[in-house]
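K.L.:
After the C-alpha cells below, expect a handful of questions from me.
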Amino acid sequence: MAWCRNCGVEYQETARECADCHLPLERGDPPEPAEEEQPAPLVRIRAFTGLTAVMESELARSVLEAEDIQCVLDGRMGAEMLPGTPIFLSVPAEDAQHASEIVSAFLDHPDAADSSRWDLRRK
C-alpha cells in the first residue's frame, strides 16, 4: 500500500505520486489517526437572573477571560428576549474553584475591588 503523507489518501502499491498534492508517496500502512483530545467537562459556577443578568454575566466572562480561564455563558440569548431567564456561567472543572472566587470577588464584594486587598492569582 502507498499513501500521501500530506493528505492521507491511500493508493495502490504501484502509484508513485499523490494525484492531488504531487508529492512522492510513502510505502506501507499509514499511521493510525491520533485520538482527538476530549474537552474538559464544564461545571456551572454561577447563575445570573434579573434585569442585570446580561450585564453581570458579560462582566464575569470578561474578568475570567482576562485571567485566561475559558468560560461559557448558556442562556444569554433567552435572557435578552425574555428577562428573568437565567444565564449560566460554566468553566472547566479544574478551574471551577478559582473562577468562582474571582467572580465572587468582583460581583459580590464591590468594595474589595482594590486588588491590594486580595490576590486572585494561582499559586
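K.L.:
Would you point out the residue of segment 52-70, among those that are β-branched (Val, Ile, Thr) and touching a Phe, Trp or Tyr at 6+ places or on another chain (Cβ under 9 Å), that is nearest to Asp95 (Cα to Cα)?
P.N.:
So the first thing to find is which residues in segment 52-70 are β-branched (Val, Ile, Thr), and the list is 52, 54, 63, 69.
If we keep only those that are touching a Phe, Trp or Tyr at 6+ places or on another chain (Cβ under 9 Å) as well, we get 54, 63.
Working: Val54: 22, Val63: 14 Å.
Of everything passing the filter in segment 52-70, Val63 is nearest to Asp95 (Cα to Cα).
K.L.:
Residue check: is Gly50 surrounded by 10 or more Cβ atoms within 10 Å (Cβ to Cβ), of a type outside the set (Val, Ile, Thr), within 29 Å of the chain's Cα centre (by Cα) and at positive phi?
P.N.:
Values: surrounded by 10 or more Cβ atoms within 10 Å (Cβ to Cβ): yes; of a type outside the set (Val, Ile, Thr): yes; within 29 Å of the chain's Cα centre (by Cα): yes; at positive phi: yes.
Against the criterion (surrounded by 10 or more Cβ atoms within 10 Å (Cβ to Cβ), of a type outside the set (Val, Ile, Thr), within 29 Å of the chain's Cα centre (by Cα) and at positive phi), Gly50 qualifies.
K.L.:
Somewhere in segment 37-59, is a residue farther than 30 Å from Arg5 by Cα, part of a helix (DSSP H, G or I), modelled with pLDDT under 90 and among the hydroxyl-bearing types (Ser, Thr, Tyr)?
P.N.:
no
K.L.:
Inside segment 14-47, can you point out the residues that are exposed (fewer than 14 other Cβ atoms within 10 Å of the Cβ) and under 30 Å from Ser104 (Cβ atoms)?
P.N.:
Gln38, Pro39, Ala40, Pro41, Arg44, Ala47
K.L.:
Please go through segment 60-103 and pick out each residue that is more than 19 Å from Pro41 (Cα to Cα), modelled with pLDDT of 90 or more and of a type in the set (A, V, I, L, M).
P.N.:
Across segment 60-103, the qualifying residues are Ala60, Val63, Ala66, Ile102, Val103.
The values are calculated or read from the model by the stated rules, or taken from the named source; none is laboratory data. Keep in mind the model is a prediction, meaning the values are calculated, not measured. Cβ coordinates were reconstructed from backbone atoms using ideal geometry, including for glycine residues, and neighbour counts include every protein chain displayed.
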